[in-house]
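*Asks:* Take this structure, written in structure tokens, and hold onto it; I'll ask about it next.
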Amino acid sequence: MTTLDTFGTRLTTFLNGFPAAPPLPGEVTAYNPYQTSPAGELLHQFAQQFYADNQPRVALLGINPGRFGAGTTGVAFTDPAALQRHCGIPNQLPQRPELSSQFVYQLVDALGGPQIFYQHFYLGSLYPLVLLRNGKNYNYYDAAAVSKALWPHMQQSIRQQADLGLRRDVAISLGRRNGEYFQALNQELQLFEQVLVFDHPRYLMQYKRHLVPDFVQQYTAILAELL
């Protein structure tokens with residue numbers, strides 16, 4: 001291992017080099033935000049600040065990045081405001097709040113803040129590229145034909161992320177439908193001993209907002225037991 005061989009350098013290499021999507025049906029398009037500016041530079045700063053070691057981490061994997069979270073900052077579940085306020089990484093991006101990011105950073109803070117959280121946990125996505133349809137966020141599972149076309153790339157994605165240095169005893173799906181695909185992938189590839197399924201942060205913020213403190217407390221307790 002060289003001084004440059006860290007979880008963070010492996011992560012940036014993986015994301016920057018992930019292959020373009022195959023042609024997708026239904027006018028769905030994909031793009032790699034990590035190859036653009038300023039997302040690529042912000043991802044590099046984040047990885048240097050929080051992932052510059054080889055500590056095994058528990059993965060919390062969402063669906064695919066949204067255009068206002070990782071699609072803008074390069075950092076999973078982290079909008080520009082959270083990147084600056086919580087992670088201490090200044091940026092000139094519009095400080096647009098994103099619902100998933102707002103929930104996630106309540107969870108991060110409940111577990112001791114970003115410096116402690118990211119020592120033990122890794123936030124990512126089953127499919128790491130942004131998907132759009134008519135300029136709006138699109139989920140890989142919104143159409144069976146899209147899921148089928150992306151399946152080999154999702155297999156590649158989960159294998160490569162596991163090889164970054166993730167713990168193999170447990171992983172967590174952020175999203176219940178996402179969890180069905182995550183569990184199917186894991187059944188095929190046998191990468192993790194178990195996959196726990198949480199409700200998706202956006203779902204909670206949109207439909208269960210009055211219960212968000214309870215979900216933060218519940219998920220904090222589960223994650224704390226994994227430390």
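*Asks:* Quick one: length gained pulling residue 159 to residue 48 fully straight, 0.36 nm per residue minus the C-alpha distance?
*Replies:* Value of the extension gain: 37.7 nm.
*Asks:* Also: Only helical DSSP H runs with n ≥ 4 go in: add -39500 (n - 2.57) per run for the chain, normalise by residue count and round the 222 nm mean residue ellipticity to 500 deg cm²/dmol.
*Replies:* Mean residue ellipticity at 222 nm (helix-derived): -14000 deg cm²/dmol.
*Asks:* Quick one, which of (1) 16.3, 48; (2) 17.4, 52; (3) 18.3, 58 is the actual Rg and Dmax of the Cα atoms in Å calculated for this model?
*Replies:* Read-out taken from this structure: (1).
*Asks:* Taking loop as defined by DSSP and a crowding limit of 14 other beta carbons within 10 Å, which GluC sites (Glu not before Pro) in segment 109-217 fit? Intermediate values should be presented prior to the final figure.
*Replies:* Numbers: sites: 180, 188, 193; in loops: 193.
Taking segment 109-217 and a limit of 14 other Cβ atoms within 10 Å, the loop GluC sites (Glu not before Pro) found are 193.
*Asks:* Another question, then. May I ask you to order 123-131, 160-168 by the average number of other C-beta atoms within 10 Å around their residues, highest value first?
*Replies:* In decreasing order of mean packing, 123-131, 160-168 become 123-131, 160-168.
*Asks:* Could I ask something else about it? Pull up all non-local amide H partners of residue 200: gap of 5 or more, or a different chain, and H-to-H distance under 5 Å with H placed in the peptide plane.
*Replies:* 175, 176
*Asks:* With a sphere of radius 10 Å drawn around the Cβ of residue 175, what net charge do the other residues whose Cβ falls strictly inside it have (Lys, Arg +1; Asp, Glu -1)? Please report the intermediate quantities before stating the final value.
*Replies:* Values: positive: 176, 177, 202; negative: 180, 199.
In short, +1.
*Asks:* To the nearest 0.05, what FRET efficiency results for residue 13 and residue 212 with a Förster distance of 35 Å applied to their C-beta separation?
*Replies:* After rounding to 0.05, the efficiency reads 0.50.
*Asks:* In segment 49-142, what chymotrypsin sites (Phe, Trp or Tyr not before Pro) fall in a loop by DSSP, with at most 13 other Cβ atoms inside 10 Å?
*Replies:* For chymotrypsin sites (Phe, Trp or Tyr not before Pro) across segment 49-142 that sit outside H, G, I, E and B with at most 13 neighbouring Cβ atoms in 10 Å, the list is empty.
*Asks:* Could you sort 181-187, 22-28, 9-15, 202-208 so that the peptide with the highest average Cβ count within 10 Å comes first and the rest follow in order?
*Replies:* Order by mean packing, descending: 9-15, 181-187, 202-208, 22-28.
*Asks:* Summarise the accessible area of the chain (1.4 Å probe, protein heavy atoms) by the percent that is carbon and sulfur.
*Replies:* Carbon plus sulfur share of accessible area: 51 percent.
*Asks:* Let me ask another. Measuring from centroid to centroid over Cα atoms, what is the spacing of segment 155-201 and segment 79-109 in Å?
*Replies:* Going from one Cα centre to the other spans 24 Å.
*Asks:* Still on this model: Please give the solvent-accessible surface of residue 67 in Å², to the nearest 10, using a probe radius of 1.4 Å with every protein chain present.
*Replies:* Surface accessible to solvent at residue 67 totals approximately 60 Å².
The values are calculated or read from the model by the stated rules, or taken from the named source; none is laboratory data. It should be emphasised that the depicted structure is a prediction, and the values quoted were computed from it without experimental measurement. With ideal geometry, Cβ positions are generated from the backbone for all residues, glycine too; neighbour counts draw on all protein chains shown. Protein only, heavy atoms only, side chains kept; ligands, DNA and RNA dropped before computing areas. Shrake-Rupley method; radii C 1.70, N 1.55, O 1.52, S 1.80 Å.
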